[in-house]
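Participant: Have a look at the structure that comes next, please.
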Amino acid sequence: MSLIALLQRRVIATPISANLPRRTSDSEFLDDLTNLWFTAHGFDHVFCGEPSDKNIGGLHYVGRYLDLQNRGLAGLLASSTSKAEIEPGAIYTLGVIMLVGDRQVQAPIKGYGYTLNAQDILELATQTYKNNPNSDTITKACLLNVTDDQKTFNTVFVAKNNGIRTFYPDATPDSEKTPKCKG
């Protein structure tokens, strides 16, 4: 079964966005899914990372960490180990150093869910958006409790402009400032 068919089966019972009619053809679903992930630059932010001259934005997918590490382009920022938040086998939040062009860029805290593969992230964040849409230009965040591979942890979901901005695990979420996600 294709990823699109699987996502449709698991997510399409209602429209992806409250602003859209129910759209069930493969091409309509793919358009909606693409808009949801690319309107607020969530796909690049979560799956690829958004390195700049001074910082590393996003980078919340374990597969991208492994890719960058294997190519010698990124690794552990040793000076940040005191800030690390680790739930073995579930969440790894560590400092990262990355080669961007001819410069080394650092981020003291970057996190990913160890058990979450790309399909898991696509499904969870898309479903969370359906239950917590946001058409405002101001970001809205909520906390989602996730259980995967018998590991349970919190994730932070952020949406704006009818799209997903980010989705990442958090070992120490601020549940007083950030509400629980609906659904």
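Values in this text are rule-based calculations from the coordinates and carry no lab data. Fair warning: this is a prediction, and the values are worked out from it, not measured in the lab. Here the Cβ is made from the backbone with ideal geometry for all residues, glycine too, and neighbour counts use every protein chain on show.
Participant: Please give the net charge around TYR92, taking every other residue with its beta carbon less than 10 angstrom from that of TYR92, where Lys and Arg add +1 and Asp and Glu add -1.
Facilitator: Computed value for this residue: -1.
Participant: So, one more: Which whole-number value in Å³ per residue fits the convex hull of the alpha carbons of the chain?
Facilitator: Hull volume over Cα atoms, normalised by residue count, gives 133 Å³.
Participant: Let me ask another. Which pairs, out of LYS110/LYS140; LYS130/LYS180; LYS160/LYS182; LYS151/LYS177, put more than 18 Å between their alpha-carbon atoms?
Facilitator: LYS110/LYS140; LYS151/LYS177
Participant: Using Cβ-Cβ distances only, list the Cys residues of the chain with no partner cysteine under 4.7 Å, sorted by number.
Facilitator: By the Cβ distance rule, which asks for a partner under 4.7 Å, the isolated cysteines are CYS48.
Participant: Explain nothing, just compute: Karplus ³J(HN,Hα) = 6.51 cos²θ - 1.76 cosθ + 1.60, θ = phi - 60°, for every residue of the range 161-178 in order, whole Hz, x for Gly and Pro.
Facilitator: 6, 6, x, 7, 9, 7, 7, 8, x, 9, 6, 9, x, 8, 6, 7, 8, 10
Participant: Using the Kyte-Doolittle scale, which helices in the chain average at least 1.0 and also have C-alpha atoms spread 30 Å or more along the helix axis, with helices defined as whole DSSP H runs?
Facilitator: Passing helices, by number: none.
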